[in-house]
Amino acid sequence: MCDFLAVGAGFSGAVIARSLANAGHTVSVVDSRLHIAGNCHTERDPQSGVMVHRYGPHIFHTDNEQVWDYLNQFTTFMPYTNRVKTTSGGKVYSLPINLLTINQFFGKAMSPAEAQSFIEEQADLSIEDPQTFEEQALRFVGKDLYEAFFKGYTQKQWGCSPTQLPASILKRLPVRFNYDDNYFFHKYQGMPRDGYTAIVERILDHPNISVRLGTQFSRAQVKDYDHVFYSGPIDGYFDYDLGRLGYRTLDFREIRTEGDFQGCAVMNYGDESVPYTRIAEHKHFSPWEQHDKTICFEEHSRACEEGEIPYYPIRLTEEQAMLRDYVDKARREAGVSFVGRLGTYRYLDMDVTIAEALEASERFLTLREQRETIPSFFVEPI
């Protein structure tokens, strides 16, 4: 039996801790916050009774059957389809851009084939190899749809011009020439009946696992354990001695009222003149429940400052160079592996986070049994 430490009680730390505990080892899990589940934390709002996604909406979706089966050991998923709306120019449209969006925006009644030809006419085909977000959008949908649905929203979300962002960001957003408004294509999609915190709590419920919240970690503690799995910010591990990697954070403005505030779970706001990116009405994330009151949050995106919660890694040129330096330092550390969204400075969906944690723990146990070197990274961060 060995004694391991998982830093962070989100999905990365919890899944790794459970795998090691199942293998007979003792695992301590620490988190600087006073709750588990990280940014996926959910809790009942005492005034309305609504299950609130405290750090913004999380909808589970995946094609990974192993991850789906794994989570179903710890929760019951309820059917949920993510249907996003957006307000632009004083009108409401459906996202992602689909046949309804196109016909409504242009005041037409086109068939799928007609719409496809029409969008090809709008697209800027002179951009053969899009390098930036803006070029990718113009190449995909043309100037009008780009400015209505992407330009302002993206500028608010990332705090910079879309001309400074890589084209890869927009590859996540499809255009559909049918009336399908399901935001995700994945085989499995749903909401955990009891929220995400309950899942993490059950994953951590093992006699070999101890959890300490409100507990700070320092790299000096690494020597006290057989191995450490660190899912905190990679720059934070080194006390930011090379500088701080760039993140966006979110401010939430609470809205409370009776009944139904906006009629959907998520309403985006594409106009740059609107200071927030979207409003989430949390009762709609649990459509199997009934609540007379409602609670919503406006999301305001801005640069993450010292002591604030990091949400989205920026990964622009300056951050990439600094990240390489931190990765080089991490590779020289002994007895610690960097995992998860913050530990590898990557944007990760929940299913990818869980899949990587399962793979990391399995590989770790195999390498340890074979007395081989444990890597600093199980997934390359660059």
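The values are calculated or read from the model by the stated rules, or taken from the named source; none is laboratory data. Keep in mind that what you see is a predicted model, and the values were worked out from it rather than measured. Cβ sites come from the backbone with ideal geometry, for glycine too, and all protein chains shown count toward neighbours.
Below, the figures for the structure above:
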item: Strands (runs of 3 or more DSSP E) lying entirely in segment 187-285 (those with 1 or more residues that are free of Cβ contacts under 8 Å to residues at least 40 places away in the same chain and either in contact with a strand residue (DSSP E or B) (Cβ under 9 Å, 6 or more places away or on another chain) or among the small types (Gly, Ala, Ser) (or both)); result: 247-258, 278-281
item: Among the residues listed as TYR93, TYR153, the single one being in a helix (DSSP H, G or I) and under 29 Å from HIS284 (Cβ atoms); result: TYR153
item: Residue check for PRO275: under 30 Å from GLN47 (Cβ atoms) and modelled with pLDDT of 95 or more; result: yes
item: Output for segment 136-166, where each listed residue is among the basic types (Lys, Arg) and either farther than 21 Å from SER117 by Cα or touching a Lys or Arg at 6+ places or on another chain (Cβ under 8 Å) (or both); result: LYS151, LYS156
item: Residue match in segment 294-308 (condition: under 22 Å from ALA6 (Cα atoms) and not assigned by TED's automatic domain parsing to the domain that holds ALA220); result: yes
item: Subset tally (residues that are modelled with pLDDT of 90 or more, closer than 13 Å to PRO162 by Cβ and among the aromatic types (Phe, Trp, Tyr)) for segment 107-146; result: 2
item: Residues within segment 291-312 that are of a type in the set (D, E, K, R) and in a loop (DSSP other than H, G, I, E, B), tallied; result: 4
item: Positions within segment 323-340 being farther than 30 Å from ASN268 by Cα and crowded, with 18+ Cβ neighbours inside 10 Å, in sequence order; result: LEU323, TYR326, VAL327, ALA330, VAL336, SER337, PHE338, VAL339
item: One residue from ILE309, ILE295 being surrounded by fewer than 13 Cβ atoms within 10 Å (Cβ to Cβ) and in contact (Cβ under 8 Å) with a residue 60 or more places away in the chain; result: ILE309
item: Cβ-Cβ under 6 Å pairs, at least 6 apart or on other chains, segment 97-117 side under 17 Å from ASP180 (Cβ atoms), far side of a type in the set (Val, Ile, Thr) and modelled with pLDDT of 95 or more; result: ALA115/ILE102
